[in-house]
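To start, the structure itself, in structure tokens.
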Amino acid sequence: MNYTLTEDQTAFQDVARQFSDKALAPHAAEWDDSKIFPKAVIAEAGELGFCGLYCPEAVGGLGLSRLDASIILEQLAMGCTSTTAFISIHNMATAMIATFGHPELIERLCPDLIAGKKLASYCLTEPGAGSDAASLRTQAVLDGDHYVVNGTKMFISGAGATDTLVAMVRTGESGPKGITCLAIPADADGIEYGSNLNKMGWNSQPTREIVFNDVRVPVTERVGEEGEGFKIAMKGLDGGRINIGTCSVGTAQAALNRSKVYLQERQQFGEPLANFQALQFKLADMATELVAARQMIRLAAFKVDSGDPEATVYTAMAKRFSTDVGFRVCNDALQLHGGYGYMREYPLERYIRDNRVHQILEGTNEIMRVIIARRLLTLADLENIT
Ligand SMILES: Cc1cc2nc3c(=O)[nH]c(=O)nc-3n(C[C@H](O)[C@H](O)[C@H](O)COP(=O)(O)OP(=O)(O)OC[C@H]3O[C@@H](n4cnc5c(N)ncnc54)[C@H](O)[C@@H]3O)c2cc1C
């Protein structure tokens, strides 16, 4: 077992750090304040390959492992959590097309998506189907060589500013087996977008409701076979959960870095805060938990990369743990900054607002526990999960 990053991983990490420092971090506060979706910067990330991290090289992707991708996304999240989280969703949706789409669809859609010239949204959630995603009701009825789509998707990241909607729709029976995945052109007739929802964080990316009114989608836009949509959506989320956990870890690392500097600079009672053991212990606990969270993410990524049959359990564990730790570390960092941490002049409060949603989306942390417990209770030997 070797925990040292390879030369290639270190090189990717360096490129991502430079991009994050130069193109993301200096603008993150303004994007948050003014709700700016930085599409041009995402396209720049695409030029570096960051919009097709684990798409195959044959279609223009970097063809990286989930572990490599996580190393890159962590660096990006240190600069802007919200923008990186969108890049991660775009990567997930694009990889679903690249992995499960038919060759013509891949050839037509993937090059621009991978280059970041076009963007994709992942559309699973509906007003009445959140945690119970398999109960989704958006209907797609076959009419000749088109599906006619009717229904509503809720809380869709990037909606209104993206080009392709990777949408899970119902083409058959109730439950997961009646769900199909379509790559719907975002400007198709009959699509209506709601207003950009007012959120606590993630302000550098829009979140909207999408209503489909008799939207005609050619069958050529189907990703995978009819009835495979839920499986494809869940495969996407295995990787997505690693990515979101990674965004939490990167953000928390940025908060920890700032806390160390602040403790050494800020003086109270005639000495630096860093001299107080209570605060030293806080810093030690933050760093310890963060290392554990990062290693869980990397373990889960390794399990996905190696096709481990228990990969879903590991990604659920890693997502739950890393997003909880990520939030806690940011909150502790704000506390260490005292009143200044509460001010918008410092990024601590933004880190908290941005990281908070990671405990909710891509499956809430309660649903992660459902996934883990369900599997544990069916396993004959719990030592298969180590
Ligand atoms: C900013 C933002 C962006 C998002 N982006 C996207 C996107 O791009 N694409 C997309 O498809 N979705 C997206 N979502 C939706 C997100 O995935 C859902 O909000 C999430 O899955 C939870 O669904 P819900 O909000 O309907 O909550 P509910 O499912 O109604 O859950 C409410 C509460 O009940 C708990 N709960 C529910 N069932 C159980 C159970 N069986 N046991 C224990 N507890 C349970 C939940 O954990 C939660 O605490 C986004 C959400 C947000 C907030």
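Under 7 Å between Cβ atoms, which residue pairs at least 6 apart in sequence (or on different chains) link something in region 262-277 that is under 24 Å from PRO347 (Cα atoms) with a partner that is among the basic types (Lys, Arg)?
Cβ pairs passing all conditions: PRO272/ARG266; LEU273/ARG266.
Return the only residue of LEU348, LEU376 being over 15 Å from the mean Cα position of the chain (by Cα) and surrounded by 19 or more Cβ atoms within 10 Å (Cβ to Cβ).
Going through LEU348, LEU376 in turn, the sole match is LEU348.
Counting residues that are in contact (Cβ under 8 Å) with a residue 24 or more places away in the chain, out of contact with any helix residue (DSSP H, G or I) (no Cβ under 9 Å at 6 or more places or on another chain) and over 28 Å from ASN203 (Cα atoms), which helices (runs of 4 or more DSSP H) fully inside region 297-386 reach at least 1?
none
If you take the residues of region 78-124 that are in a helix (DSSP H, G or I), within 19 Å of LYS35 (Cβ to Cβ) and among the aliphatic types (A, V, I, L, M), which of them is farthest from the ligand (Cβ to nearest atom)? Reasoning before the result, please.
Pass one, region 78-124, residues in a helix (DSSP H, G or I): 78-79, 81-100, 103-115.
With the extra rule that they be within 19 Å of LYS35 (Cβ to Cβ), the set shrinks to 79, 81-87, 89-90.
Restricting the remaining residues to those that are among the aliphatic types (A, V, I, L, M) gives 85, 87, 89.
Working: ALA85: 9, ILE87: 13, ILE89: 6 Å.
Only one residue fits best here, namely ILE87.
Please find, within region 1-44, the residue that is surrounded by the fewest Cβ atoms within 10 Å (Cβ to Cβ) out of those that are of a type outside the set (Val, Ile, Thr) and part of a loop (DSSP other than H, G, I, E, B).
Our first condition is that a residue be of a type outside the set (Val, Ile, Thr); within region 1-44, this holds for 1-3, 5, 7-9, 11-14, 16-35, 37-40, 43-44.
Narrowing the set further to residues that are part of a loop (DSSP other than H, G, I, E, B) leaves 1-3, 5, 35, 37-38.
Numbers: MET1: 2, ASN2: 5, TYR3: 6, LEU5: 15, LYS35: 13, PHE37: 21, PRO38: 21.
For region 1-44, the residue satisfying everything is MET1.
May I ask you to verify whether GLY363 is more than 16 Å from the ligand (Cβ to nearest atom) and among the small types (Gly, Ala, Ser)?
Criteria not met by GLY363.
Limited to region 45-75, what total is found for residues that are surrounded by 17 or more Cβ atoms within 10 Å (Cβ to Cβ) and part of a helix (DSSP H, G or I)?
So the count comes out to 13.
Take the conditions buried (at least 24 other Cβ atoms within 10 Å of the Cβ), touching a residue at least 12 places away in the same chain (Cβ under 8 Å), closer than 29 Å to GLU349 by Cβ and hydroxyl-bearing (Ser, Thr, Tyr) and apply them to THR94. Does it pass?
Criteria not met by THR94.
Could you tell me which numbered condition LEU142 fails, if it satisfies all but one of (1) farther than 18 Å from PRO56 by Cα; (2) more than 16 Å from the ligand (Cβ to nearest atom); (3) in the same structural domain as ALA16 (by TED's automatic domain parsing)?
(3)
As an exercise: evaluate THR220 against (1) in contact with a strand residue (DSSP E or B) (Cβ under 7 Å, 6 or more places away or on another chain); (2) in contact (Cβ under 8 Å) with a residue 24 or more places away in the chain and give the number of the one condition it does not meet.
Of the numbered conditions (1) in contact with a strand residue (DSSP E or B) (Cβ under 7 Å, 6 or more places away or on another chain); (2) in contact (Cβ under 8 Å) with a residue 24 or more places away in the chain, the odd one out for THR220 is (1).
Would you be able to tell me the number of residues in region 4-61 that are touching a Gly at 6+ places or on another chain (Cβ under 7 Å) and either assigned by TED's automatic domain parsing to the domain that holds GLY201 or closer than 15 Å to THR81 by Cα (or both)?
Of the residues in that region, 7 qualify.
For region 20-61, enumerate the residues that are of a type in the set (D, E, K, R) and more than 15 Å from ALA120 (Cα to Cα).
Pass one, region 20-61, residues of a type in the set (D, E, K, R): 21-22, 30, 32-33, 35, 39, 44, 47, 57.
Within region 20-61, ASP21, LYS22, GLU30, ASP32, ASP33, LYS35, GLU44, GLU47, GLU57 meet the criteria.
Under 9 Å by Cβ, and 6 or more places apart or on different chains, what pairs join a residue from region 187-204 that is closer than 30 Å to ALA29 by Cβ with one that is among the hydroxyl-bearing types (Ser, Thr, Tyr) and within 10 Å of the ligand (Cβ to nearest atom)?
ASN196/THR207; LEU197/THR207; LYS199/THR207; GLY201/SER82; TRP202/SER82; TRP202/SER157; ASN203/SER82; SER204/SER82
Has region 343-360 got any residue that is within 11 Å of the ligand (Cβ to nearest atom) and more than 30 Å from ALA278 (Cα to Cα)?
Looking through region 343-360, at least one residue is within 11 Å of the ligand (Cβ to nearest atom) and more than 30 Å from ALA278 (Cα to Cα).
Just one of the numbered conditions (1) touching a Pro at 6+ places or on another chain (Cβ under 8 Å); (2) farther than 30 Å from LYS177 by Cβ; (3) at pLDDT below 95 is not true of THR83; which one?
Tallying (1) touching a Pro at 6+ places or on another chain (Cβ under 8 Å); (2) farther than 30 Å from LYS177 by Cβ; (3) at pLDDT below 95, THR83 fails exactly one: (3).
For region 153-182, how many residues are more than 9 Å from the ligand (Cβ to nearest atom), under 27 Å from ILE114 (Cα atoms) and either among the hydroxyl-bearing types (Ser, Thr, Tyr) or surrounded by fewer than 23 Cβ atoms within 10 Å (Cβ to Cβ) (or both)?
Residues in region 153-182 being more than 9 Å from the ligand (Cβ to nearest atom), under 27 Å from ILE114 (Cα atoms) and either among the hydroxyl-bearing types (Ser, Thr, Tyr) or surrounded by fewer than 23 Cβ atoms within 10 Å (Cβ to Cβ) (or both): 6 in total.
The values are calculated or read from the model by the stated rules, or taken from the named source; none is laboratory data. All of these numbers come straight from a predicted model, not from anything done at the bench. Here the Cβ is made from the backbone with ideal geometry for all residues, glycine too, and neighbour counts use every protein chain on show.
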